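So the structure is just underneath, and the comments pick up after that.
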Amino acid sequence: MKTRIKELRKQHRLSQEELADAVGTTRQTITSIETGKYVASLPLAYRIARHFGLTIEEVFVLDEEE
């Protein structure tokens, strides 16, 4: 699954740590999601999208080949 988290973080001038604190997770989890090593749970995906004022579909892009 691809995400726009890194792009959105940079637009909002947030560090991984700041985003992690805002959505109730760890910096390591944000790093893993950004690099594609971890797929966010639905509740976490919702919190991340909501933090940026977007829908889950605007932040997370399902790769149909996966």
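The values are calculated or read from the model by the stated rules, or taken from the named source; none is laboratory data. The shown structure was predicted, so the numbers you read here are calculated from the model rather than taken from an experiment. In this analysis, Cβ positions are derived from the backbone assuming ideal geometry, glycine residues included, and neighbour counts consider all displayed protein chains. Side chains included, ligands, DNA and RNA excluded: accessible areas come from the protein's heavy atoms. Shrake-Rupley method; radii C 1.70, N 1.55, O 1.52, S 1.80 Å.
Figures for the structure shown
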| quantity | calculated |
| --- | --- |
| Matching residues in the range 43-66 - criterion: being open to solvent by 90 Å² or more (accessible area, probe 1.4 Å), farther than 13 Å from Thr3 by Cα and assigned to a loop (DSSP other than H, G, I, E, B) | Glu64, Glu65, Glu66 |
| Unmet requirement for Arg4, which otherwise passes all of (1) without any contact (Cβ under 8 Å) to a residue 24 or more places away in the chain; (2) of a type in the set (D, E, K, R); (3) surrounded by 14 or more Cβ atoms within 10 Å (Cβ to Cβ) | (1) |
| Residue selected from the range 20-42 under the condition assigned to a helix (DSSP H, G or I) and either among the β-branched types (Val, Ile, Thr) or touching a residue at least 40 places away in the same chain (Cβ under 8 Å) (or both), by the criterion most open to solvent (accessible area, probe 1.4 Å) | Thr35 |
| Residues of the range 7-19 satisfying the condition of being of a type outside the set (Gly, Ala, Ser), in a loop (DSSP other than H, G, I, E, B) and exposed (fewer than 14 other Cβ atoms within 10 Å of the Cβ) | His12, Arg13 |
| Count of the range 30-66 residues which are farther than 17 Å from Lys10 by Cα and either out of contact with any strand residue (DSSP E or B) (no Cβ under 9 Å at 6 or more places or on another chain) or not small (Gly, Ala, Ser) (or both) | 18 |
